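The next block holds one structure in the form of structure tokens; read it before the comments.
The values are calculated or read from the model by the stated rules, or taken from the named source; none is laboratory data. Only a predicted model underlies this, so the values are computations on that prediction, with no experimental measurement involved. Methodologically, a virtual Cβ is constructed for each residue, glycine included, from the backbone with ideal geometry; neighbour enumeration extends over all protein chains shown. Ligands, DNA and RNA are stripped out before the accessible areas are found, and what is left, the full protein with its side chains, is counted by its heavy atoms. Shrake-Rupley method; radii C 1.70, N 1.55, O 1.52, S 1.80 Å.
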Amino acid sequence: MTTTNLGFNHNARPFLYGPEEAALCEALRSGYYNHSAVTERFEDEVARFLGVPDAVAVASGTAALHVALLAAGIGPGDEVILPSFTFCATAQAILATGATPRFAEIDQRTLCTGSTQVLDALTPHTRAVLPVLYAGRAVDLSDARPVLTARGITVIEDAAHAFGSFNGHRRVGTTGDVTCFSFGPIKNLTCGQGGMIIPRTPKEADACRRLRSLGIAESATSRADLTTYTVGGFGLRVQMPSLNAAIGLAQLAHFAQAEAKRKELWRAYAAALHDIDGVVLTDVDVDHTVPHLCAVRVLRGRDRLFRALRERGIGVGTHYPPNHLQPAFEQWHRPLPVTEQIGREIMTLPFHQHMTEADTDRVTSEVRHTLSAEAAR
Ligand SMILES: *Cc1c(COP(=O)(O)O)cnc(C)c1O
């Protein structure tokens, strides 16, 4: 089968470097499909790549958030702060623990929740904060840190977009907070489906490992020689299958390409978009970030522009419709004027590693023409 470069038609697409198919076939032939030594090798390689002592693989980014929240002791009666401006998975992971989501505002420039917005959302019931590293950009909560620490509030980063990004001089995941990555189909690194938790302590790592595998104390690889096993407590079945880990290992070996290509594409968009009136590119701090999205705010007529571009085969998207306006979460609605405005303005441009600079040029010239045709009417 030939791969057609459909560059600008797709908002996002997985990118395969080549060795994934052989790695997947090898894992298939080995006969071990669930959590296996391959999964553990992927955990080790991710930990080594980041420079952290340990990493815990799970079935998805959503499962990573769910397990990390449970391991931090979050449950019914607790409130967890998150931006409304995120994928609904962040909020669903909180609901899965029995805790209550508390939606926070975002900064208009970064589209992330910073210290001001976190402190504003704080209540006596707050037990955790889930900052979302929107588009891959690291979040700095240092101004809120003293208050969060004094109240024993855990920070669990939703870094689904941010694998490989830096927070200052350190990779996201190495700064001392619990960090959750997604390796879903369109993320910076893909396992097909998968997720990873970076725990703070060996004890927390152990808690995450039990929670991901039905509460069983012994690891799947160590209990092969035992006549029994110990179910120590509550647990989910959200291990990362070896088939997915095999894909992830092949992807990780080529991650430097993702890093370079994503920065290059984002910079090409930035150069081409800067003089288009009424379109504001969201700054991802590209020097420190492996961009996951190219998000713009369309100051007037977003829906019209969106439809016109879609009709011309440009794969634009809207990441994300605010969650506090969704039927599932309306009981936790609070007025969030910045988020609501961004929700009306946001548009994501096609952004994935199959694209070329000719594709970004095509997208930006379609944006330019559509807007000027409209202005002339
Ligand atoms: C993708 C994503 C998730 C969930 O990850 P899955 O691997 O799809 O479960 C969570 N939060 C954000 C912001 C995401 O983009």
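Can you tell me how many residues within the stretch 168-181 are within 16 Å of the ligand (Cβ to nearest atom) and either open to solvent by 10 Å² or more (accessible area, probe 1.4 Å) or not assigned by TED's automatic domain parsing to the domain that holds A68 (or both)? Residues that pass the stated criteria total 1. Scanning the stretch 134-161 for residues that are open to solvent by less than 40 Å² (accessible area, probe 1.4 Å), more than 9 Å from the ligand (Cβ to nearest atom) and assigned to a loop (DSSP other than H, G, I, E, B) yields R137, A138, V139, L141, A144, I153.
Those residues that are within 18 Å of L111 (Cβ to Cβ), buried (at least 18 other Cβ atoms within 10 Å of the Cβ) and away from the ligand (no atom under 16 Å from the Cβ), I need them from the stretch 289-305; list them, please.
If the condition is that a residue be within 18 Å of L111 (Cβ to Cβ), buried (at least 18 other Cβ atoms within 10 Å of the Cβ) and away from the ligand (no atom under 16 Å from the Cβ), then V296, R297, V298, R302 are the ones that fit.
Do we find that A220 is of a type outside the set (V, I, T), open to solvent by 40 Å² or more (accessible area, probe 1.4 Å) and more than 15 Å from the ligand (Cβ to nearest atom) in this structure? The answer is yes for A220. All conditions in (1) on the phi < 0 side of the Ramachandran plot; (2) within 16 Å of the ligand (Cβ to nearest atom); (3) surrounded by fewer than 22 Cβ atoms within 10 Å (Cβ to Cβ) hold for M196, with the sole exception of (3).
Those helices (runs of 4 or more DSSP H) of the stretch 11-99 in which 3 or more residues are within 16 Å of the ligand (Cβ to nearest atom) occupy 37-50, 61-71, 88-96. Tallying residues that are open to solvent by 10 Å² or more (accessible area, probe 1.4 Å), touching a Ser or Thr at 6+ places or on another chain (Cβ under 9 Å) and closer than 22 Å to D120 by Cβ within the stretch 88-107 yields 3.
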